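So the structure is just underneath, and the comments pick up after that.
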Amino acid sequence: MKTPVTENICLSELLIDEIADALQQHGYIQLTEFLPAWLATQLQQEAERLSSISFKPAGIGRQNNLQLDTQIRTDTTLWLDGESLQQHAYLQCMEQLRVGLNRRLFMGLFDFECHFSHYAEGDFYRRHLDAFKGRSNRILSTVFYLNINWHKNDGGELLLYADDQQSPLLVVPPLFNSCIIFLSDVFPHEVLTSHGERYSIAGWYRLNNNSQVHLDPSQ
Ligand code: OGA
Ligand code: MN
C-alpha cells in the first residue's frame, strides 16, 4: 500500500489571511506565537549550539561584494541549509507562507533564504534597508526571534522606521516565537545594541532575477 503523503502544515490558513491583509494594508505585520512551540524550542536550541561552532561574522552585500563592516553590523550568522529536522521544518513553514502569499497577493515570491543570527553583548546592526527599489530581488523580510525570558534590560530591540523619519514606527522586542514580516524596500530598520545573548532567524523572500546572461546568486 502506498504511504500517504503527509503535508507539513505549520501555519493556519487564517493566519496566512491575516498576514496577507496586513501586508496589503500596512506593509508589515508583527506576530506573537508564530510557530508550534516545539519547533521554536528546537530552533532555539540549535541556534545556541551552533553559534559557537559555525556562525561567522556577518557581511554587507552579497558574494564577491561581501565586505565586513563592523561599523554597521557586528552579529555572526549561519545560513540554514535545511539538513536538520528543525531547519527543514522551518523552511517548510516559510514555503507554506510563500505559496499562501502568492495565492492571495500575486506577489510572485520565487524563493526564500534565511540565516541564524547571534548578537552577543555589545552587538548591533545600524539603520539599513534590506533592498533598494528596483536594485534587489529581496521583496519581503522576515525575522523570527528565539529569546526565552527576554527582558527590556537585554536591549536588542528592532526599530522599524517609515521612510527617513527619526522616530520609529515600531519597536519590536525580540521575544521567543514572535516574528516580524515587512516589505524589504520600504522600511529602514536597525537592531539596538544588545546587552545579552540575542538569537534570531532573518530571512528574505525573493523574486527570480535569473536571465540567460546573468545568474542571480543566492546568499
Ligand atoms: C537583518 C536584520 C533584524 C533583527 O539581518 O537584516 O535587519 O531583528 N535583522 O535581527
Ligand atoms: Mn535588515
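Each reported figure results from applying straightforward, stated rules to the coordinates on display, with no laboratory input. Given the structure is predicted, the values throughout are model-derived calculations rather than measurements. In this analysis, Cβ positions are derived from the backbone assuming ideal geometry, glycine residues included, and neighbour counts consider all displayed protein chains.
Rounded to whole numbers, the Karplus 3J(HN,Hα) couplings from phi for the stretch 195-202 are 9, x, 7, 9, 10, 7, 10, 9 Hz, using 6.51 cos²θ - 1.76 cosθ + 1.60 with θ = phi - 60°, and x at Gly and Pro.
Extending 7 Å from Cα along the Cβ direction at L14 and again at L50 yields two label points whose distance is 3.3 nm.
Summing Lys and Arg as +1 and Asp and Glu as -1 over all other residues whose Cβ lies under 14 Å from the Cβ of E197 gives a net charge of -3. Within the chain, C114, C179 have no other Cys Cβ under 4.7 Å of their Cβ and so lack a disulfide-compatible partner by this rule. The HN-Hα couplings worked out from phi for the stretch 31-38 by the Karplus form 6.51 cos²θ - 1.76 cosθ + 1.60 (θ = phi - 60°) are 10, 9, 6, 6, 10, x, 4, 4 Hz, whole numbers, x standing for Gly and Pro. Calculate the translational D of the chain in whole µm² s⁻¹ from Stokes-Einstein, where the hydrodynamic radius comes from the Kirkwood formula applied to all Cα pairs, the temperature is 37 °C and the viscosity 0.692 mPa s. My calculation gives 183 µm²/s for D. Residue ranges 156-165, 24-33, 174-183 sort as 174-183, 156-165, 24-33 when ordered by packing (mean number of other C-beta atoms within 10 Å per residue, highest first).
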